[in-house]
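What follows is calculated from the coordinates using simple rules that are stated; it is not laboratory data. All figures in this text were calculated on a predicted structure; none of them were measured in a lab. Glycine also receives a Cβ, built like all others from the backbone with ideal geometry; neighbour counts cover every protein chain displayed.
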């Protein structure tokens with residue numbers, strides 16, 4: 001059996017004679033009988049299994065046949081080959097353990113003679129197989145034919161050789177519709193499935209190599225090989241999930257480049273896109289029909305997508321792109337490539353846009369007669385490339401970080417950047433909001449003459465305020481440095497206009513018949529007091545700015561009386577000011593800050609020129625959202641959310657972080673923060689790792705943070721909180737208000753996973769959580785029964801809200817970071833990207849941690865990130881051990897006390913209150929209120945009933961100090977002994 005690597009000549013690009021390349025080794029003949037198991041194969045050979053389409057072909061073959069699948073893979077050994085394929089299938093959520101025994105790796109190389117096998121192994125394999133699917137190829141539009149020849153042409157010859165030995169085996173060859181993109185067919189009325197590519201006029205190395213490979217298959221057919229040729233057009237993501245493994249192809253690169261540059265080519269042509277799942281299903285179905293042998297099949301979308309329509313749909317998702325000529329787009333890419341020489345993306349895109357073949361030119365129509373006939377009577381049909389499918393793809397691109405955030409798709413914690421190169425990863429199928437029963441609800445205006453309920457998030461903050469009236473922990477403050485000739489009167493008028501536009505800024509919260517309601521004032525005047533600091537030295541000015549900022553932030557708000565927003569202007573110089581704004585969280589969130597500043601910039605600019613505000617009136621206000629949310633989140637929708645969270649949080653354990661100090665008896669919010677600035681080098685390396693693994697930046701950083709918590713706690717079950725924006729509807733993007741919610745992210749770090757494996761675990765949970773983010777935090781806590789101690793331990797945030805304006809009508813604007821002195825969680829890490837560097841803020845409770853401890857934690861976090869980007873395959877046991885992570889003061893694990901029934905009248909009365917509020921059958925006098933389900937809402941009810949029954953004043957702090965029936969009874973006894981009214 002000859003090895004014929006040199007049978008086909010290797011000409012240079014200048015002397016390439018493509019028709020002369022299409023020569024099949026004359027020793028390959030088909031004299032052996034046809035395999036007996038063609039109709040029901042027992043053994044199938046698949047090349048390209050680790051490619052995008054290959055994964056889906058393998059999946060279909062496993063489901064539609066009972067055959068063993070032998071797949072060619074280039075690796076060191078069989079075990080590595082198995083693990084690599086498993087990781088690959090997990091990436092697409094196609095892996096199933098039940099098929100493991102039917103998947104058999106063949107360690108070889110498509111570019112080598114005999115596929116890199118020995119003659120004995122090659123012949124042995126030929127005797128086992130019944131059918132061959134040749135999908136493997138080196139797909140690279142930038143490489144010349146000579147580079148691709150060994151894999152794409154010689155590899156095809158070796159596959160044909162394999163089909164000829166021992167017994168004749170049908171070959172199903174996956175080609176591409178691009179083999180017809182040549183001058184010879186540019187004016188064709190239609191390209192039929194019986195047409196043959198014109199090798200003489202075809203340009204582009206990849207197309208040329210596939211066309212020559214096709215010709216080898218046709219030569220083999222003439223010699224007796226039963227074969228089919230399949231020519232798909234541009235393969236896109238899964239039609240159900242949007243997941244895409246081809247993000248480096250021309251279409252995806254162009255889409256990404258256009259969105260990043262804000263420019264889109266004005267074209268009159270169309271592109272033809274087919275979902276990968278459709279292509280795989282069609283090939284497997286057609287290949288199973290005996291009548292298909294000898295035919296070619298065009299797998300194209302019957303409805304090509306006009307570039308103009310794609311542009312419109314991209315704009316409808318909120319991306320800001322303008323139509324430009326092709327030349328202007330090319331010039332913009334050239335400029336960006338020269339401006340960012342370290343960014344290989346723009347150079348790749350420039351090469352693609354400049355490559356031969358006129359990638360964006362009009363393509364002739366393709367006939368699909370054979371395909372339609374073959375699939376007639378089946379449920380297999382190519383879905384139209386309509387708005388829903390485009391949104392599904394963009395949703396995946398956004399969630400996976402390939403595309404920047406689109407307003408219609410974004411979430412604060414779904415922050416992400418750019419997967420491009422995929423080596424391995426684990427992506428769970430994304431069931432988008434479009435198809436999910438948990439999709440965003442519609443918002444309709446509600447009458448203002450009735451009782452206006454709070455949103456679920458507002459209700460939680462209102463309950464907390466009832467327990468601790470005036471506590472400034474939920475005062476959100478912001479400070480903006482303004483440089484320029486500021487018109488103070490116009491600034492005040494502009495702020496007043498924003499207050500007029502947004503009802504939520506004129507809203508207060510009162511109790512009516514035991515229930516909180518929103519009360520909207522028809523008008524509200526907000527004053528802008530001016531404090532002149534011009535006479536102070538610069539250093540003293542800055543100290544005074546910090547002092548005043550802290551002072552105004554600590555001033556309590558009265559939720560019932562309002563107003564719940566305050567502003568103050570500090571003058572530092574004739575053209576330098578600081579604007580302080582404090583607002584209660586119940587009417588504001590992080591996203592709202594951007595909405596506020598963007599509106600301020602627009603309105604101030606108009607008012608300065610004597611023009612009215614150009615902003616249209618708001619058709620929907622926050623109160624409409626609150627009512628719609630309550631009407632939607634019930635019935636099956638609520639059940640779906642609750643079922644998910646009950647399963648997700650079953651048996652959850654409390655995070656036991658080691659601390660420097662014992663936890664205080666009564667909780668407080670005294671806090672501080674330490675900062676971390678990652679280098680551009682490390683930031684870039686993290687992005688590259690993100691690209692390789694196909695996960696979001698959020699997932700990378702969260703996995704690293706959880707690893708840090710694992711090292712500091714020694715626990716394998718790590719749970720923490722994270723915020724989501726909660727603005728699924730487009731209309732909410734323009735509103736002020738409290739839309740954000742808090743979700744719980746739980747990860748199992750057991751069995752010593754590698755960081756790559758950990759990314760898969762974190763990513764899987766994150767996707768499920770995003771789809772079930774609608775259950776309000778308070779309801780999650782009370783309905784699912786998560787221990788209260790679980791919720792305040794740790795939080796992770798990746799800030800990714802729309803950017804705020806950098807100037808307002810010529811006035812420079814910059815955000816001032818101000819130390820808040822508050823910490824809602826024991827420890828919380830917030831990350832954001834600024835000027836190509838990642839910045840971290842680790843906020844902590846000063847009653848638990850020393851400053852030096854937190855600084856070291858940040859250093860250790862950076863060490864972990866360095867280790868992970870250097871080698872994502874290393875396991876947790878391989879990581880550096882941080883001596884300082886050993887516990888100093890470890891919070892005690894709650895131990896359930898022995899049951900002791902209430903003994904006296906006072907204990908019985910308190911127990912009755914607990915049983916009613918917590919809905920428990922019995923409660924012992926030593927049971928801890930918070931460990932058996934006590935939450936903020938329950939605290940309000942207990943607090944109220946204790947005051948009523950015992951006719952005495954009880955502070956909230958006492959509930960924390962005496963969380964047992966025994967302790968509270970003793971406390972009330974002391975009050976009675978002091979002549980306080982009692983039972």
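Quick look at the numbers
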quantity	calculated
Peptides ranked, highest mean first, by Cβ atoms within 10 Å: ranges 485-492, 766-773, 721-728	721-728, 766-773, 485-492
Nearest 10 degrees, 0 to 90: helix 326-339 Cα axis against the chain principal axis	70 degrees
Additional length obtainable on full extension of the chain from residue 650 to residue 877, 0.36 nm per residue less Cα span	79.0 nm
Crossing angle, helix 52-64 versus the chain [Cα axis fit, 0-90 degrees, rounded to tens]	80 degrees
Over the chain: helical MRE at 222 nm, DSSP H runs n ≥ 4 each giving -39500 (n - 2.57), nearest 500	-11500 deg cm²/dmol
Crossing angle, helix 119-128 versus the chain [Cα axis fit, 0-90 degrees, rounded to tens]	80 degrees
Simple spin-label estimate for residue 926 and residue 540 in nanometres, 7 Å along Cα-Cβ	6.2 nm
Sites residue 611 and residue 386 - FRET efficiency at Förster radius 60 Å, r taken between beta-carbons, to 0.05	0.90
Estimated FRET transfer efficiency (residue 948, residue 327; beta-carbon r; R0 60 Å; 0.05)	0.15
Computed E for residue 124/residue 632 - FRET, C-beta separation, R0 60 angstrom, nearest 0.05	0.45
Tensor-based shape of the stretch 72-155 (alpha-carbon gyration tensor, a/c under 1.5 rounded, otherwise prolate or oblate)	oblate
Whether the chain is rounded, prolate or oblate, judged on the alpha carbon gyration tensor where a/c under 1.5 counts as rounded	prolate
Sequence ranges 361-368, 624-631, ranked by mean other-Cβ count within 10 angstrom, highest first	624-631, 361-368
Highest average packing first - 686-696, 496-506, Cβ atoms within 10 Å	686-696, 496-506
Cα shape, the stretch 452-625, gyration tensor, a/c 1.5 rule	oblate
Stretch gain in nm, segment residue 361-residue 98, where the contour uses 0.36 nm per residue and the Cα spacing is subtracted	90.1 nm
